[in-house]
Each structure stands twice: as structure tokens, then as C-alpha cells.
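Below you'll find the structure, written out as C-alpha cells, and then a few comments.
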Amino acid sequence: MNHETYWSKGTGMLGYTGEQERKLRAYCSTAEEFKRYVPSYTQTWMSYSAKGLLIYAEVNHQTASGKYRYERKSDDPDLWQDDVMEFFFRLPEQQGVNYQLIVNSAGSKTFNANMKCVPSKEIEIVTRSPRNAGGGTAWEILIPWRYFNLSAMPAAGSVWQCNIGREFHTYHQVLSWGKVDN
């Protein structure tokens, strides 16, 4: 994947949320023991087009089969209880408005605007699960601008707030790009 030049630099591997990391460190008797608790590989890239925001994400382990949680369907407000990726956004011109996209390994999706579900029919997702011989899942996502209450692409130089997370319940891991608490 990531050979196309239009993708962003990428997030790098996501780490534990601050709360989960503190709990793991308290559980471990040494720093060496803590190093054994490596988070499941998770990384994301972003771009945009005239049609909308583009996201590419890939994770290890979780697939749309076996022991993993992936049974909920699109627009289910409880989709976060599956093994999921979550994408959070705030736009500078929309003070106080929070957007969230949740996606499971079966490609089901829920889009929230200020904690209210917005039908996600027009959000396009291509899911590859397993993504390689070892398992995992990859998603290519297009969120049309209208989901962010925009009629067109944002103006050049617009800076959005964004965070990316993974709730990997099967392995009891909560990961985040920005160091946040649960």
C-alpha cells in the first residue's frame, strides 16, 4: 500500500492511552517486563480529494473471522463495542462540533456528529481482511465533505484537530495516536 505519493506521512504505530499505559506499568515489576506488552500494530494515513477526506488504516491481528468482535452492523450506536478503529475530528470554523467515524473489521461503520448517529450510507469503505498471511485488516475510506457540514473541500491552510484510536477489546488494548486518557 502506501506507495502513492498523495498519502500523508502517517501516524506511526499507535500507543496505549495514558490510562492503560499507567495500569500496565503498575502491573509490571520492572521496565523490562513492561516492554513485553507491545501494542498490536496499528497505523493510519490520510489525504483528501474534491470528493472528501481519504483515510487508509491497517491493523494486525483483528479480522472479520474467528474470535474477534465484528458482528454489529452499520449505524449501530454500539459499534464501538466491536474491535474497531475510531477517527475523531474538529474543524476550526465549527466550534464545539465533534465528528467521529467508527469502523469494524467487517466494514460496518457508524458516523457521529456531536454524539448523534448520522446515516453512513454515502461513506465508502473498502475492507481487506485478512490483509496478509498473518491476519489483520486494512481499510480504504472516503468520507464525503457533506458529513462535516461542508459543501466543498476546505480552504487551503485549514487546520483540523484529529485523533485516531483503536479499541481492540479481544486483546484488551485501547490505543491512541494522541496521548489521551480513556
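The values are calculated or read from the model by the stated rules, or taken from the named source; none is laboratory data. As the structure is a computational prediction, the values presented were derived from the model and not from experiment. Please note: Cβ atoms are built from the backbone with ideal geometry, for glycine as well, and neighbour counts cover all protein chains shown. Ligands, DNA and RNA are excluded from the accessible area calculation, which covers all protein heavy atoms including side chains. Shrake-Rupley method; radii C 1.70, N 1.55, O 1.52, S 1.80 Å.
Conditions tested, residue by residue: (1) in contact with a helix residue (DSSP H, G or I) (Cβ under 8 Å, 6 or more places away or on another chain); (2) modelled with pLDDT under 95.
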position: D75; (1), (2): no, no
position: E86; (1), (2): yes, no
position: E93; (1), (2): no, yes
position: N104; (1), (2): yes, no
position: C117; (1), (2): no, no
position: K121; (1), (2): no, no
position: T137; (1), (2): no, no
position: L142; (1), (2): no, no
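Taking the conditions exactly as written (touching a Cys at 6+ places or on another chain (Cβ under 9 Å) and of a type in the set (A, V, I, L, M)), does M13 satisfy them or not? Step through it out loud before you land on a result.
Working: touching a Cys at 6+ places or on another chain (Cβ under 9 Å): no; of a type in the set (A, V, I, L, M): yes.
Answer is no for this residue.
Looking at region 91-135 only, could you name the residues that are among the basic types (K, R), open to solvent by 40 Å² or more (accessible area, probe 1.4 Å) and either part of a strand (DSSP E or B) or within 14 Å of S74 (Cα to Cα) (or both)?
Within region 91-135, the first condition is being among the basic types (K, R), and the residues that meet it are 109, 116, 121, 128, 131.
Now drop any that are not open to solvent by 40 Å² or more (accessible area, probe 1.4 Å), which leaves 116, 121, 128, 131.
Answer for region 91-135, where residues must be among the basic types (K, R), open to solvent by 40 Å² or more (accessible area, probe 1.4 Å) and either part of a strand (DSSP E or B) or within 14 Å of S74 (Cα to Cα) (or both): K116, K121, R128.
Filter region 19-47 for residues that are within 30 Å of I141 (Cβ to Cβ), part of a loop (DSSP other than H, G, I, E, B) and open to solvent by 40 Å² or more (accessible area, probe 1.4 Å) and give the result.
Selection gives Y37, V38, Y41.
Pull up region 144-161, narrow it to residues that are open to solvent by less than 40 Å² (accessible area, probe 1.4 Å) and either aromatic (F, W, Y) or at pLDDT below 95 (or both), then point me to the one that is farthest from W80 (Cα to Cα). Give the steps one after another, and end with the answer.
Here is the first cut: in region 144-161, the residues open to solvent by less than 40 Å² (accessible area, probe 1.4 Å) are 144-145, 147-148, 150, 154.
Remaining after also requiring either aromatic (F, W, Y) or at pLDDT below 95 (or both): 145, 147-148, 154.
Numbers: W145: 23, Y147: 19, F148: 20, P154: 28 Å.
Across region 144-161, the extreme among qualifying residues is P154.
Which condition from (1) aromatic (F, W, Y); (2) open to solvent by 60 Å² or more (accessible area, probe 1.4 Å); (3) in contact with a Pro (Cβ under 9 Å, 6 or more places away or on another chain) is the one that F88 breaks?
Only one criterion in (1) aromatic (F, W, Y); (2) open to solvent by 60 Å² or more (accessible area, probe 1.4 Å); (3) in contact with a Pro (Cβ under 9 Å, 6 or more places away or on another chain) is unmet by F88, namely (3).
Between a first residue in region 142-153 that is under 13 Å from Q100 (Cα atoms) and a second residue that is surrounded by 14 or more Cβ atoms within 10 Å (Cβ to Cβ) and among the small types (G, A, S), which pairs have beta carbons less than 7 Å apart while being 6 or more apart in sequence or on different chains?
Every condition considered, the pairs that remain are I143/G52.
Within region 48-83, track down each residue that is assigned to a loop (DSSP other than H, G, I, E, B), out of contact with any Ser or Thr (no Cβ under 7 Å at 6 or more places or on another chain), of a type outside the set (S, T, N, Q) and open to solvent by 50 Å² or more (accessible area, probe 1.4 Å). Spell out how you get there, then give the answer.
Filtering region 48-83 for residues assigned to a loop (DSSP other than H, G, I, E, B) gives 49-51, 60-78, 82-83.
Next, only the ones that are out of contact with any Ser or Thr (no Cβ under 7 Å at 6 or more places or on another chain) stay: 49-51, 65-66, 71, 78, 82.
Narrowing further to those that are of a type outside the set (S, T, N, Q): 50-51, 66, 71, 78, 82.
Hits for region 48-83 are A50, K51, G66, E71, D78.
Restricting to region 162-176, what's the tally of residues that are polar (S, T, N, Q) and under 16 Å from W45 (Cβ atoms)? It would help to see each step written out before you state the result.
The initial filter retains those residues of region 162-176 that are polar (S, T, N, Q), namely 163, 170, 173, 176.
Now narrow it down to the ones that are under 16 Å from W45 (Cβ atoms): 163.
Qualifying residue count, region 162-176: 1.
When both residues are 6+ apart or on different chains and their Cβ atoms are under 8 Å apart, which pairs have a first residue that lies in region 35-60 and is farther than 21 Å from E167 by Cβ and modelled with pLDDT of 95 or more, and a second that is part of a strand (DSSP E or B) and open to solvent by 50 Å² or more (accessible area, probe 1.4 Å)?
L54/Y48; L54/E140
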